[in-house]
Amino acid sequence: MNFLEIQFELRGKTLPSDHGYSIYSAVKKTVLYEKSLPPEVLLCSVPGVPAQDGMIYLNRSSKLRVRCPAEQVQYWYLMLQNTVLNVQGHLIRLVQPRLCLPQPSEILKARACHQLGKLESVMLRIGS
């Protein structure tokens with residue numbers, strides 16, 4: 001199965017720093033009418049500038065990335081384009097979608113990983 005990535009620019013100011021499930025929930029309520037997201041469709045968290053109060057500020061590089069099978073790209077492109085999502089009271093509009101091929105990363109980063117009951121910052125280098 002071939003996958004493509006749709007990158008939506010965002011119009012808004014802030015998001016909670018832990019917004020992964022909240023974005024999923026907002027898409028589910030707004031676009032899917034409470035149905036579950038298909039397992040082959042993936043939502044990526046949105047990068048931004050960290051703030052002290054558990055928020056991130058959105059900037060020009062903040063994008064919502066949706067990975068889906070190539071056969072479903074048109075559907076998700078049209079369903080999400082120009083949609084306003086309410087993410088825990090933070091309103092963001094998905095605009096100017098762009099289609100891309102998924103790019104592999106040489107470095108995987110995670111803000112926190114849960115391992116044996118402890119939270120640890122982790123940076124993994126692929127191939128080392």
> Once label points are set 7 Å from the Cα along Cα→Cβ at both residue 53 and residue 100, what is their separation, rounded to one decimal in nm?
Replying inline: 3.0
>> Students often forget the sequence filter, so: which aspartates and glutamates lie under 17 Å Cα-Cα from residue 13 once same-chain residues fewer than 8 apart are removed?
In response: 53
> Given Cα pairs under 8 Å that are at least 6 residues apart, what percent is the relative contact order of the range 68-110?
Replying inline: 26
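When a/c is below 1.5 the answer is rounded, else prolate if a/b is larger than b/c, else oblate, so apply that to the range 4-110 with a ≥ b ≥ c taken from the square roots of the Cα gyration tensor eigenvalues. Can you show the working numbers first?
Values: a/c = 1.61, a/b = 1.21, b/c = 1.32.
Oblate.
Coordinate-derived values only; no laboratory data. Just so we're clear, the structure is a prediction, and the values are computed from it rather than from any experiment. Note that each Cβ is placed from the backbone with ideal geometry, even for glycine, and that neighbours are counted across all protein chains shown.
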